[in-house]
Every structure is written in C-alpha cells, then in structure tokens.
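The values are calculated or read from the model by the stated rules, or taken from the named source; none is laboratory data. Remember, predicted model here, so these are calculated numbers, not experimental data. Heads up, the Cβs are rebuilt from the backbone with ideal geometry, glycines too, and the neighbour counts pull from every protein chain shown.
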Amino acid sequence: MDQQDGWGTDVGQSVDLRPEVPHPARMYDYYLGGKDNFPADREAAERALAANPEFRSTARANRGFLQRAVRHVAGLGIDQFLDIGTGIPSAGNTHESAQAVLPHATVVYVDNDPIVLTHARALMAGTGLGRTAVLRADLRDPTAVLAAPEVAELLDLDRPVALVLGAVLHFLPDEDEPARVLRTLLDALAPGSHLILSHGTADFLPAEVRDRVTGVYDRATAPLVGRSRAEVRAFLDGLEILEPGVVTVPLWRPDAEPAAGADRVSMYGAVARRP
Ligand SMILES: C[S@@+](CC[C@H](N)C(=O)[O-])C[C@H]1O[C@@H](n2cnc3c(N)ncnc32)[C@H](O)[C@@H]1O
C-alpha cells in the first residue's frame with residue numbers, strides 16, 4: 001500500500017483518480033445529485049438510469065435507511081462504528097447520524113476509492129465531539145482492515161462496534177467470498193456488536209433491465225452483483241436479526257408512511273446483532 005498520512009491521503013505522490021473509468025462511488029454520487037464525478041461516471045450512471053430510472057430514488061432510500069439504522073444502533077448505546085464502503089460524503093454521513101444521538105461516537109471510515117479519500121477532510125467537518133478517521137483499504141482484505149492503525153486507535157474491539165456495510169457487499173462477486181469476508185469482520189467484534197447491511201437486488205427487476213444494469217457496471221471498476229432476499233438473509237446466519245428483518249430499505253423502521261412501491265425498491269436492508 002502507498003505510504004499514507006493519518007487521513008488516508010497518499011503522501012508525497014499524486015493519486016490517479018482514473019477519470020476515464022466509471023467508478024461506483026462517483027456514479028452513486030451522481031445518483032444522489034452530487035458534483036464529485038467525471039464525464040465517464042455521468043455517462044455510465046445515465047445508462048444505468050436509462051435501464052432503471054429508480055436507481056436515483058433507490059440511492060436516496062438507501063441513505064435514509066442507513067441514517068435510521070445508525071441512529072437506532074447509537075440509541076442502543078453503541079458509540080463506535082466501522083463503516084466500510086463509505087462513499088463520497090453526502091448528507092447524513094455515519095458520524096453525523098451517530099453523533100446526533102451520541103456526540104462522543106467515533107467512526108472509522110474505509111473505502112478503496114481514492115476520490116473518497118480526497119474528500120476525507122470534508123468528513124471531518126462538524127461539531128461532534130467524537131473522532132473520525134478515514135482509511136484506504138479494501139473490503140476484500142478484512143484482515144488488513146482490522147489490522148489498520150486507525151482501527152486500533154479509535155475502536156475498542158473489546159466493546160460492541162457497529163459494522164456498517166452500506167451498498168458495498170454487492171460489489172463483491174461470489175468468487176470474492178463475501179460471506180467469508182463478513183464472518184472475518186464479525187468474528188473480530190465483541191458480542192453485542194451490530195451489523196448494518198444494505199445490499200442491491202434484482203428481485204423486482206425484469207431480466208432485461210437487470211442485464212442492462214449489470215452490463216454498465218461490468219465496464220466500471222467493480223461489477224454489481226444483485227442478490228435475492230434469501231441470499232442476503234444467508235449473510236446474517238448466526239446473528240440475531242432485528243425487526244422487521246430483511247426488507248426493502250424504505251420499509252426498515254420508516255419515519256413516515258412509506259410511498260407506494262416501497263416494497264419493490266431494489267435494495268434490501270437489515271440490522272443484526274452478534275450474540
Ligand atoms: C454505492 S457506494 C455506498 C456509499 C455508502 N456506504 C452508502 O450506502 O450510501 C459504494 C462504496 O463502496 C466502495 N467500494 C466498492 N468496493 C469496495 C471494496 N472492495 N472495498 C472498499 N470499498 C469499496 C465504493 O468506492 C463506494 O464508495
């Protein structure tokens with residue numbers, strides 16, 4: 001790995017953002033109306049939106065789920081968060097949601113996309129008392145994530161931690177062994193830790209739409225692997241799944257009456273406790 005400073009920013013060398021290749025983080029930023037994306041990202045995102053115009057509302061619904069789930073878990077007293085697949089900062093980042101409930105909550109953010117790290121300092125803004133750090137690492141190497149100095153410094157793994165995997169596990173195809181990755185992370189966390197998971201699905205999409213979307217991401221830096229409700233549920237084996245279980249993200253403990261079609265949004269969400 002490149003030598004990095006404490007914010008995960010590469011030291012002494014420029015970062016190649018590869019603007020000519022669509023990046024999921026920047027495409028997602030475009031869906032959310034952000035400005036941190038390049039023409040190749042916008043073109044790819046527009047092709048995905050042409051196939052499935054609901055991508056944008058799905059991204060927003062996913063953000064809403066994460067905010068509610070983080071607030072809920074913080075309300076249970078969990079004050080340390082490991083958020084892998086952070087994304088480009090947007091409204092309602094994990095530290096903002098957590099610190100709204102527990103001002104001293106600490107967050108370690110992890111992402112493998114250099115552009116996310118270039119925005120790391122923006123993440124540090126805010127009035128919370130808690131500390132945050134941003135680390136460049138890959139979910140596919142969970143041992144390296146757990147061994148990172150930022151994790152040792154900010155998180156006490158002898159106390160419960162909330163592991164946040166928002167819309168990232170679907171970038172790991174089966175050959176990357178997402179279940180093993182998840183198990184490695186959870187095994188390192190204390191009993192009482194929680195997993196906040198959201199995961200894309202094609203359960204409600206016609207095959208033709210699914211294939212077009214998959215085709216767009218096949219040309220990006222990471223493929224998109226939608227999984228069925230049963231497959232997402234299987235990631236939670238051995239954990240205590242909080243009510244209402246594995247549901248489409250708008251249906252997870254909504255703050256207001258969900259809109260029509262909320263049960264067919266292409267993203268599942270769940271929160272589960274490590275016994
Ligand atoms: C769709 S965004 C989700 C952002 C945020 N978690 C959310 O749900 O709103 C997915 C993020 O995961 C990151 N990502 C994808 N594959 C990854 C990997 N193997 N390791 C670490 N981060 C990854 C991308 O760079 C991107 O920032």
Item to check | Residues of the range 206-260 that turn out to be of a type in the set (Asp, Glu) and in contact with a helix residue (DSSP H, G or I) (Cβ under 9 Å, 6 or more places away or on another chain), as a count | outcome: 4
Next on the checklist: Condition check: surrounded by fewer than 22 Cβ atoms within 10 Å (Cβ to Cβ) and assigned to a helix (DSSP H, G or I). Does residue 64 satisfy that?
Outcome noted: yes
Item to check | Tabulated pairs, the range 198-221, first over 26 Å from residue 86 (Cα atoms) and of a type in the set (Asp, Glu), second within 13 Å of the ligand (Cβ to nearest atom) and assigned to a strand (DSSP E or B), C-beta under 7 angstrom, 6+ apart or interchain | outcome: none
Checklist entry - Does the range 42-51 include one or more residues that are touching a residue at least 12 places away in the same chain (Cβ under 8 Å) and within 12 Å of the ligand (Cβ to nearest atom)? => result yes
Next on the checklist: Going by what's in this entry, would residue 90 be described as surrounded by fewer than 22 Cβ atoms within 10 Å (Cβ to Cβ), in contact (Cβ under 8 Å) with a residue 60 or more places away in the chain and closer than 20 Å to residue 164 by Cα?
Outcome noted: yes
Next on the checklist: Quick check on residue 191: is it in contact (Cβ under 8 Å) with a residue 40 or more places away in the chain, at negative phi, touching a helix residue (DSSP H, G or I) at 6+ places or on another chain (Cβ under 7 Å) and part of a loop (DSSP other than H, G, I, E, B)?
Outcome noted: no
Checklist entry - Do we have residue 227 as over 30 Å from residue 16 (Cβ atoms), within 16 Å of the ligand (Cβ to nearest atom) and in a loop (DSSP other than H, G, I, E, B) here? => result yes
Checklist entry - Yes or no: residue 159 basic (Lys, Arg), closer than 14 Å to residue 84 by Cβ and modelled with pLDDT of 95 or more? => result no
Item to check | So residue 209, is it in a helix (DSSP H, G or I) and modelled with pLDDT under 95 | outcome: yes
